[in-house]
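Trainee: Below is a structure I'd like to ask you about.
The values are calculated or read from the model by the stated rules, or taken from the named source; none is laboratory data. Computed from a prediction, not measured in an experiment: that's the story for all the values here. Note that each Cβ is placed from the backbone with ideal geometry, even for glycine, and that neighbours are counted across all protein chains shown. Only protein heavy atoms, including side chains, enter the accessible area calculation; ligands, DNA and RNA are left aside. Shrake-Rupley method; radii C 1.70, N 1.55, O 1.52, S 1.80 Å.
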Amino acid sequence: MNQVRQQFSRDYLQCLSATRAVWPLMESLFPICRSITGEGVRQSLRIVAEYIPLRISEVPSGTPVFDWTVPPEWNVTDAFIADATGRRVVDFKAHTLHLVSYSTPVDELMALEQLRAHLHSLPDRPNTIPYRTSYYDANWGFCLKDSVLQALPAGVYHARIDSTLAPGHLTYGECLIEGDSADEVLIFTHVCHPSMVNDNLTGVAVATALAQELAKTRPRLSYRFVFAPGTIGSITWLARNESRVKLIRHGLVLGLLGDRGPLTYKRSRDGNTVIDQSAAHVLARSFPGARLMDFEPYGYDERQFCSPGFNLAVGRLTRTPNGQYPEYHSSDDDFSAIGAEEVAQSLQAAECILRTAEWNDTLVNLQPKCEPRLGARGLYRPVGGGSLQQSESALLWVLNQSDGTHSLLDIADRSGIEFPVILAAARSLFDAKLVRPAPQLADARRGVQ
Ligand code: ZN
């Protein structure tokens, strides 16, 4: 049993040490100005590639991707607002959030009153820089603390943005962990946010640690990790991989995994797929306080994977969902907004949900007429009369329910016994030749051995 559990998923302390191993990754990525295209994404993916093998794809600007078009590439070298003395009152080099992402170039002298139309602050959080983007509207702007804005004296200011919007590429990275089957599990995390930690560096870190772990032993299913910009990145990936989507059994969108709120799983569009069932089972039993959310067509890249033309079995794992924690999309989303314990727990939950879905076989009892003699096969204690052990109860449940229509997760849910115990029982029964995989599943995949 312990062997199954260890093979199945790491314990919390192992996840904590894996989290510490990817902490420097988040620290290296934090200062970089990322957006949906540009050198920041490229540089970030190169750093991720120091941890796991990544295949980088570059998709030219102007490429049609379903109803969208890959945008011009945006790069920026400097941006500031200076007062009449030349002092920078807002400086992109001090914090990347000071510049509205995808700002067009500008070099103008403007009165403060004119400049205000291009300034964004949060009056109710006066010491916080907001995060703003203008990807698809040619515009420019700066974000600053409201306390700084309120203190600006009237006068003329110099607004300068050294940016380029030019034909280039959208960049994404993929890491494939090959398994016994060519069928794939898709793990997606967005990589387009500048200088914020919970959203989106924790997603990158957990995905990286998960890929490292899965690569240690050959999984049954293949795992494809996609690190791409939000929305346009998943749309572009789907457009370029439409013919391969049939290989995807299920998947998870990962992000916002380090804040101190409870784990939150958002169901796929159908809501009853294997990943949904696995997440519900794992979170209810092993992660007290975790929440389940129904699908809604709002959020992160699950919107694209769960669009009706794909309708993939892809759920989303976060802690507090987007928009529901005070530091969201602002300079307050720094390293103080997350905890190593929370990141480690998120990693453990993600792995356990994926492993459970991966091992969720459906079996057939080969001795279905009355109970087979388990004692004679060494599967039951020789002395009867004591209370039933859980492992023995699990054997009876697997035998009783394995008629080719109930999966191991169905059995775990119905019996109230956690999945690894049910899986261990199934393996014992397989070894004793009392069960075999249900015919529709007896394909190239391994059995439960
Ligand atoms: Zn975000």
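Trainee: If the viscosity is 0.692 mPa s and the temperature 37 °C, what translational diffusion coefficient in µm²/s does Stokes-Einstein give for region 256-328 when Rh comes from Kirkwood over Cα pairs?
Mentor: After rounding, the answer is 262 µm²/s.
Trainee: Mind listing the long-range amide H neighbours of VAL435? Cut-off is under 5 Å, sequence gap 5 or more, other chains count too, H placed in the peptide plane at 1.01 Å from N.
Mentor: Under 5 Å from the amide H of VAL435 lie the amide H atoms of LEU366, PHE430, each far enough along the sequence or on another chain.
Trainee: Based on the Cα atoms of region 152-241, what semi-axes does the equivalent ellipsoid have, where each is the square root of 5 times one gyration tensor eigenvalue, given in whole Å with the largest first?
Mentor: Rounded to whole Å, the semi-axes are 38, 17, 9.
Trainee: Right, something else. Would you calculate the volume per residue, in Å³, of the smallest convex hull containing every Cα atom of region 10-145?
Mentor: Hull volume normalised by residue count: 186 Å³.
Trainee: In 10 Å bins starting at 0, how do the alpha-carbon pair distances of region 198-331 split up by percent?
Mentor: P(r) over region 198-331, rounded to whole percents: 12, 41, 39, 8, 0.
Trainee: Still on this structure, I have one more. Could you compute Rg(Cα) / (2.2 N^0.38 Å) for the chain, with N its residue count?
Mentor: Dividing the Cα Rg of the chain by 2.2 N^0.38 Å gives 1.14.
Trainee: A further question on this structure: Sort ASP270, ASP91 from largest to smallest accessible area, using a 1.4 Å probe on the heavy atoms of the protein chains.
Mentor: Reading off the accessible areas and sorting them downward yields ASP270, ASP91.
Trainee: Expressed as an acute angle from 0 to 90° and rounded to the nearest 10, what is the orientation of the C-alpha long axis of helix 419-431 relative to the principal long axis of the chain?
Mentor: Helix 419-431 sits roughly 40 degrees off the main axis of the chain.
Trainee: Helix-only mean residue ellipticity at 222 nm, the chain, DSSP H runs n ≥ 4 weighted -39,500 (n - 2.57), per residue, nearest 500. What is it?
Mentor: Rounded to the nearest 500, it is -9000 deg cm²/dmol.
Trainee: Provide the gained length on full extension for the span LEU112 to GLU50, in nm with one decimal, where the gain is 0.36 nm per separating residue minus the Cα-Cα distance.
Mentor: Extra length available between LEU112 and GLU50 comes to 17.8 nm.
Trainee: Quick query: amide H of ASP361 versus all other amide H atoms, modeled in the peptide plane; which residues come in under 5 Å with a sequence gap of 5 or more or a different chain?
Mentor: Correct list: LEU408.
Trainee: Does a label point 7 Å from the Cα of ALA376, set along Cα-to-beta-carbon, have any residues of region 382-403 with amide nitrogen under 18 Å, and which are they?
Mentor: Within reach of a label on ALA376, which here means backbone N under 18 Å from a point 7 Å along Cα→Cβ, region 382-403 contributes 382-384, 396, 399-400.
Trainee: So what's the gap between the Cα centers of region 106-126 and region 274-341, to the nearest angstrom?
Mentor: One Cα centre to the other: 34 Å.
Trainee: Put +1 on the Cβ of every Lys and Arg and -1 on every Asp and Glu Cβ in region 199-285; which of ALA284, VAL204, LEU221 then has its Cα farthest towards the positive end of the dipole?
Mentor: LEU221
Trainee: Which of the residue pairs LYS216/LYS266; LYS246/LYS266; LYS369/LYS433 have a Cα-Cα distance greater than 26 Å in the structure shown?
Mentor: LYS216/LYS266, as the Cα separations exceed 26 Å there.
Trainee: LYS216 accessible area, nearest 10 Å², 1.4 Å probe?
Mentor: 140
Trainee: Related question: For region 73-166, what's the relative contact order in percent, using C-alpha pairs closer than 8 Å and at least 6 residues apart?
Mentor: Dividing the mean separation by the residue count of region 73-166 yields 45 percent.
Trainee: Would you please calculate the Kirkwood hydrodynamic radius of region 73-166 over all C-alpha pairs and express it in Å, rounded to one decimal?
Mentor: Evaluated over region 73-166, this radius sits at 13.2 Å.
Trainee: OK, next. Within 10 Å, count the other beta carbons around each residue, average over each peptide in 13-26, 166-179, 222-235, and list them highest first.
Mentor: Packing order, densest peptide first, comes out as 222-235, 166-179, 13-26.
Trainee: May I ask you to derive the relative contact order of the chain, considering only C-alpha pairs under 8 Å and at least 6 residues apart, and to give it as an integer percent?
Mentor: Rounded, it is 17 percent for the chain.
Trainee: Could you tell me what fraction of 2.2 N^0.38 Å the Cα radius of gyration of region 362-441 comes to, as a two-decimal ratio?
Mentor: Cα-based Rg divided by the globular estimate yields 1.02.
Trainee: Heavy atoms only, probe 1.4 Å: what % of the accessible area of the chain goes to carbon and sulfur, would you let me know?
Mentor: 51
Trainee: Another one. Report the full-extension gain for the segment ASN322 to ASP180: residue separation times 0.36 nm, less the Cα-Cα distance, to one decimal in nm.
Mentor: Result for the pair: 47.6 nm of gain on full extension.
Trainee: While we're on this one: For region 353-395 and region 138-177, compute the distance between their C-alpha centroids and round to whole Å.
Mentor: Region 353-395 and region 138-177 have Cα centres separated by 61 Å.
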